Structures are given as C-alpha cells and as structure tokens.
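The values are calculated or read from the model by the stated rules, or taken from the named source; none is laboratory data. The structure presented is a predicted model; accordingly, all values stated were derived computationally and were not measured. Here the Cβ is made from the backbone with ideal geometry for all residues, glycine too, and neighbour counts use every protein chain on show.
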Amino acid sequence: MKSVRREHSAFHFSFCQRSRGCFPLILLLAVMLFMPYSAIGEMIRYLDEHGTPVFVDDRDLSPAERQEFQQKTRAVEQTRRRSGITPVEVHGNMVLVPVEISDGSHRITARLLLDTGASQTVFHRPIMEYLRTRPLAKGWSRLASGEMIPTEQVRIKSLKVGPHTVQNPTVYIIDVQDEETPFDGLLGMDFLRSHHYRIDFGQQVIQWQDGN
C-alpha cells in the first residue's frame, strides 16, 4: 500500500446569509495530496483476537478461513461497542471516523476526517443527498485563496459517533471539488470539545472516555 501524503492549509470561511448578513465561519480544511492504493486484489480488513487490523487477500482464503476471520472480527467489534471503543481508519496522520447520520426516516454511514482545527462539522454535498435536511441558511464561503464555494447551514435529526448521539445538530454542507477524496467531510470541534477521547494509532481505534 502506498503511503498517503498530506499538506495542510488553513481556510477562512466568511459565510453570508441571504437574510441576516454575514457571519464568520472558521474552518481548517485539509488539502489532501494522496496517491492511489496499489492494485493488489481484493484486500479485506479483518481483526484478530487482539483487535489488531489484518489485511489479507480474500481470494487466498478458504471458506473456513474466511469464516474464522469474520467471526473474530465480529467478536472484537461487539466487545469494543460495549466498552466504548470505535474502530477508525488511520492513513498516516489522517484519522477517518465512521459516523451515522439520520433525518428521522433514513440512516446512512459516513466517514469523517477528525479535524481539531475545524470549528464546525462539515459534510460534502454528495453524502447528504441521501437525507432530507432542514435548511437554515445558504451562502458562500470564502477560502484563503479568495475562492468562493457554496455553503449551506442545515439541521439533521441526529449525529451518532461511537457511543455518543447528538440530537438535532446543526451541520454545514460544502461542495467538494475532488470526487476521490477518501472521506465525506470533517468531524469538527463542535462535537469533539464535548467528548473526551484517546486515539490508539496502533490498534486503529478511538477510546471514548467518561467526563463529558
């Protein structure tokens, strides 16, 4: 697997409501320069009995071996759910967190880049097309480069991250220019500041802690 290369750049968003004027929205977005994974067949991620990620070529497994890997993975994931542990994907310094969002009728799973520099949680427009959202405001966000991008402020029914669920959160939707970006938005400080956590990069998990 080829390495993932990142470059960071701070973006300042000046979000303008049509009816209320402008208000600042500060986000730190990561500009990703990444290389495609090498084509090595159907590589499947399993977890061993210690919770360590194991990548194997599924075509080389017998049915019995495949079932054994799946059973171990399910057992580890069930234990993690009970103990407040969430599996994540780690690519270099990127931590991709699975989240569940709902409009009350439908639920979808998205992958958000954990970004402590982002003041708000942001979703890319394609992933939000599957949900009905409550529009709050529309406007434009100005990047540090001066470029303007459409931005929407909306409300959804719920946002679930690990064992934590936020009801009726306000989130933001932006257009994404790179359709191959490996995540669906940013998990920002509006969520993270209220929840204590620790990232185990070796095990590729987030351990949620009491005290929020």
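For segment 149-166, the set of residues classified as loosely packed, with under 15 Cβ neighbours inside 10 Å, at pLDDT 80 or above and assigned to a strand (DSSP E or B) consists of PRO150, ARG155, THR165, listed by residue number.
Condition check: over 13 Å from the mean Cα position of the chain (by Cα) and under 25 Å from ILE85 (Cα atoms). Does SER119 satisfy that? Considered against the rule, which asks whether it is over 13 Å from the mean Cα position of the chain (by Cα) and under 25 Å from ILE85 (Cα atoms), SER119 comes out as yes. TRP208 falls short on exactly one of the conditions (1) part of a loop (DSSP other than H, G, I, E, B); (2) over 24 Å from PRO126 (Cα atoms); (3) of a type outside the set (Val, Ile, Thr), and that condition is (1).
Checked against the criterion of being modelled with pLDDT under 75, under 19 Å from the mean Cα position of the chain (by Cα), buried (at least 17 other Cβ atoms within 10 Å of the Cβ) and of a type in the set (A, V, I, L, M), the candidates LEU114, LEU33, LEU28 yield just one match: LEU28.
Within the set ASP200, ASP175, the sole residue that is at pLDDT below 90 and either surrounded by fewer than 18 Cβ atoms within 10 Å (Cβ to Cβ) or touching a Phe, Trp or Tyr at 6+ places or on another chain (Cβ under 6 Å) (or both) turns out to be ASP175.
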